[in-house]
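Participant: I have a structure I would like to understand better, so I am pasting it below and will then ask my questions one at a time.
The values are calculated or read from the model by the stated rules, or taken from the named source; none is laboratory data. All values reported here derive from a predicted model rather than from experimental measurement. Using ideal geometry, Cβ is built from the backbone for each residue, glycine included, and neighbour counts are taken over all protein chains shown.
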Amino acid sequence: MIVLKQKPLEWILDATKNYSKILIVGCNGCSGIYQVGGEKQVESLKMFLEMAFKLKLKRNIKIESCTLLRQCDGDLVASSLRPLIKNLGKHGALVSLACGVGVQTISNIFPEITVIPGCDTLFMGMRTKELGEFHELCKACGDCMLFETGGVCPITRCSKGLLNGPCGGMREGKCEVDPTRDCAWALIYERLKAQGRLDLFLKFRPPRDYRVAASPRVWRGE
Amino acid sequence: MSGKFVYTAEIEAGKTTNLEEIVEKGKMLKNYVTAINVTDNPGACAHMNPLIPSYVIQRDVGVESVYQITCRDRNRLAIISDLLAAAALGIRNVLVITGDHVTFGDNPGAKPVFDLDSATLVYLIRKMVDEGVDLAGNKIEGEVKFHVGIAANPNAVPLELEILKIARKVKLGIDFIQTQCVFDIDLAKEFLREVRRFNIPVLIGICPVRSIGMMKWYIKECPGGIKIPLDIQERLKIAKERKGKKGVLEESIEVSAELIKELRKTTSASGVHIMAIGFEHVIPKIIERSRS
C-alpha cells in the first residue's frame, strides 16, 4: 500500500482560502484503507472547511465532495469527475485526499483545474497492527531480489541500501542509525540461516545498474 | 607483512586547510609504524579529502600511507576518479569502508550516496588492478597497483555473520584486514582463530582512551559496538580516582601495550593498528612499551 498522511488542516485552509468553490475528492484505495482520505475523512474535511471559512474568513463556501474507488484509475477519474468539475467553474479548486499519483491523475485529465494535495505521500509499506505503525517495505527499485534475501528488502530496510551488508555499524542485530530498528541484513542472515540457505548470504552481489530505476520511469507493457 | 609484527597508525585529515600538522604527526610516527592510515570523512564529518594527506605523507614523511575510502559520499564515478588519482600519485594501499551514516556527522542533512558498498568497492578495485578496467569494463591507461584492505569488527554479535561477510570479500580478493578497536583479548583470539583459514594478514585495532567519557562512548554508542572487559574498565576508573584524567591516559597506554604484547606473543595477528585520534603522541609510547 501507499502510506500517506493528511496535511495539517490549517495548511489546507490556507491553500483553499482564495477560491470560491471547492471540490474534495477522496480515494478508497490505499488512502481510504488507511483512513486518511476515504469517505469519512472527506466528510470531516468538508465540515472543517465550511466552519473555518465561516468563522475565520467570515464567508460561506460552496463545497462538493465525492470519493472514488481509486484515484489512480484514469478512466474512473475521467468519467466520475467530469460533471463535478464542470460545476466547479473557473474560481474553484479541487482538494485531493489521495497520494501524489491520484493528484497527478486528476491534473493530467483536467489540466485547467487547480488540484491541491490534501495529503503528503510517504512511502510504500505496511501497517503493523500491534504497534499501530507503518513501515516502508519497498522502494520500487525495479530489480527485485527478495527471493534471495529471505523476503527482507535491503534496498529499503537497510539505512544504507546495501547489497552486501550488514555494514560495520550493526550492533547486536540493530541498525546504527536507530537502535530500536532491526538491521535488515541481520534479519536476512537470521532468515536465511533458518532456511538453511546461508549460501545466499555469502553470495556477492555486484553493483546495481541504476538505469532500471532512473526517474521518470515509463513502462510500456509487454 | 610477512614475519615481522607490523604496527600501523591512523590520522585524520581534519576540517582544515593545514597540511603541516599532518606532516608533523607523520614525522612523529615515522620511526614506529610501517604505514599510516588517513581517514575519509570519519564519523561522517566533512574533512579534507584524504587523498592529499595520503600523498603528502608518502612524499614528505617517507612512510607508506593507507588511503581510506568510504562509500557514503561518492558514487562510482567519483570513486573511480579518486582511485585513478591515488594510483597516479603512487599510493599503494587502500582501505575500503562502508562509512558511518550521514546522520552521525556534522552535516546530518546530507544525501547519503552508498552507490557502492564495501564489497562492491573491493570488486571495483580488483577490476582496476587485475584487469585494468573500471566497473563498466572501460580500459584504464597505465598501471593500477593497490593492496586492498577491509575493516572488520571482532566485537560483532553474532560473530558468525561478521565472518561470513569477510568470507564474501576474501573471495573477491583482499590483501589485509584492519579491525575495529579490541579491548578484550579473548574476542581478538576468537576472531583470529575464525579468520585464520582465509590466510589474510590481520591487524588488530588498538584504541587507547583518554577519558572515562570516551570509554563509556565506546561501550554504549560506538557504531558496531565495542566490548571493554570489566577489569579494564575498573583499572581506568581507579586510575581516574588516583591521578585524574592524566591517570586514565597513562593506564590506557599500559592496557594497550599489554594487549599488543599478548597479541604478538600468543596469536597469529600480523600486527596492530593503533587509533588515537587527537592524541597521536601516545602511539610511540604504546609501541615502545609493547616491545619491552
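Participant: Note down all Cβ pairs under 6 Å where the first residue falls in the stretch B:268-283 and is touching a residue at least 60 places away in the same chain (Cβ under 8 Å), the second is in a strand (DSSP E or B) and small (Gly, Ala, Ser), and they're at least six residues apart or on different chains.
Facilitator: Here the result reads B:273/B:205; B:274/B:9; B:283/B:9, each pair linking the stretch B:268-283 to a residue that is in a strand (DSSP E or B) and small (Gly, Ala, Ser).
Residues checked against (1) out of contact with any Phe, Trp or Tyr (no Cβ under 7 Å at 6 or more places or on another chain); (2) charged (D, E, K, R); (3) more than 14 Å from every other protein chain (Cβ to nearest Cβ):
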position	(1), (2), (3)
A:108	yes, no, yes
A:112	yes, yes, yes
A:115	yes, no, yes
A:119	yes, no, yes
A:124	yes, no, yes
A:146	yes, no, yes
A:150	yes, no, no
A:156	yes, no, no
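Participant: When you look at residue A:127, is it modelled with pLDDT under 95, touching a strand residue (DSSP E or B) at 6+ places or on another chain (Cβ under 8 Å) and closer than 30 Å to residue A:35 by Cα, yes or no?
Facilitator: Yes, satisfied.
Participant: Kindly establish whether residue B:6 is touching a residue at least 60 places away in the same chain (Cβ under 8 Å) and away from chain A (no Cβ under 14 Å).
Facilitator: Considered against the rule, which asks whether it is touching a residue at least 60 places away in the same chain (Cβ under 8 Å) and away from chain A (no Cβ under 14 Å), residue B:6 comes out as yes.
Participant: Oh, and also: Do we find a residue being within 17 Å of residue A:166 (Cβ to Cβ) and either more than 19 Å from the chain's Cα centre (by Cα) or in a loop (DSSP other than H, G, I, E, B) (or both) anywhere in the stretch B:121-131?
Facilitator: Scanning the stretch B:121-131, I find no residue that is within 17 Å of residue A:166 (Cβ to Cβ) and either more than 19 Å from the chain's Cα centre (by Cα) or in a loop (DSSP other than H, G, I, E, B) (or both), so the answer is no.
Participant: Continuing with this model, one more query. Condition check: under 24 Å from residue B:180 (Cα atoms) and at pLDDT 95 or above. Does residue A:166 satisfy that?
Facilitator: So residue A:166 fits the description; yes.
Participant: Being touching a residue at least 24 places away in the same chain (Cβ under 8 Å) and farther than 16 Å from residue B:168 by Cα is the filter here; which residues of the stretch A:195-207 pass it?
Facilitator: A:195
Participant: Does at least one position in the stretch B:134-143 carry a residue that is at pLDDT 95 or above, under 19 Å from residue B:270 (Cα atoms) and within 10 Å of chain A (Cβ to nearest Cβ)?
Facilitator: Within the stretch B:134-143, not a single residue is at pLDDT 95 or above, under 19 Å from residue B:270 (Cα atoms) and within 10 Å of chain A (Cβ to nearest Cβ).
Participant: Here is a further query. Determine whether residue A:197 is under 26 Å from residue B:158 (Cα atoms) and more than 8 Å from chain B (Cβ to nearest Cβ).
Facilitator: Yes.
Participant: Name every residue in the stretch B:75-118 that is part of a loop (DSSP other than H, G, I, E, B), crowded, with 21+ Cβ neighbours inside 10 Å and more than 13 Å from chain A (Cβ to nearest Cβ), in order of residue number.
Facilitator: B:91
Participant: If the requirement is being surrounded by fewer than 17 Cβ atoms within 10 Å (Cβ to Cβ) and under 19 Å from the mean Cα position of the chain (by Cα), which of these qualifies: A:35, A:71, A:41?
Facilitator: On inspection, the qualifying residue turns out to be A:35.
Participant: Say whether the condition of being under 21 Å from the mean Cα position of the chain (by Cα) and in contact (Cβ under 8 Å) with a residue 40 or more places away in the chain is met by at least one residue in the stretch B:230-247.
Facilitator: no
Participant: Restricting attention to the stretch B:26-52, which residues are out of contact with any His (no Cβ under 9 Å at 6 or more places or on another chain), part of a helix (DSSP H, G or I) and surrounded by 20 or more Cβ atoms within 10 Å (Cβ to Cβ)?
Facilitator: B:26, B:29, B:42, B:51
Participant: Which ones in the stretch B:30-75 are in contact with a Pro (Cβ under 7 Å, 6 or more places away or on another chain) and among the aliphatic types (A, V, I, L, M)?
Facilitator: Hit for the stretch B:30-75 is B:38, nothing else.
Participant: Step by step: first the residues of the stretch B:53-74, then only those that are over 16 Å from the mean Cα position of the chain (by Cα) and not hydrophobic (A, V, I, L, M, F, W, C), then the one that is surrounded by the fewest Cβ atoms within 10 Å (Cβ to Cβ). Which residue is that?
Facilitator: This residue is B:62.
Participant: Look at the stretch A:200-215 and say how many of its residues are more than 7 Å from chain B (Cβ to nearest Cβ), within 21 Å of residue B:113 (Cβ to Cβ) and part of a loop (DSSP other than H, G, I, E, B).
Facilitator: The number of residues fulfilling the criteria is 5.
Participant: Take the residues in the stretch B:144-163 that are farther than 28 Å from residue A:156 by Cβ and touching a helix residue (DSSP H, G or I) at 6+ places or on another chain (Cβ under 6 Å), then tell me which one is nearest to the other protein chains (Cβ to nearest Cβ).
Facilitator: Residue satisfying both the conditions and the ranking: B:154.
Participant: Name the single residue, out of those in the stretch B:58-74 being touching a residue at least 40 places away in the same chain (Cβ under 8 Å) and not charged (D, E, K, R), that is farthest from the other protein chains (Cβ to nearest Cβ).
Facilitator: Only one residue fits best here, namely B:66.
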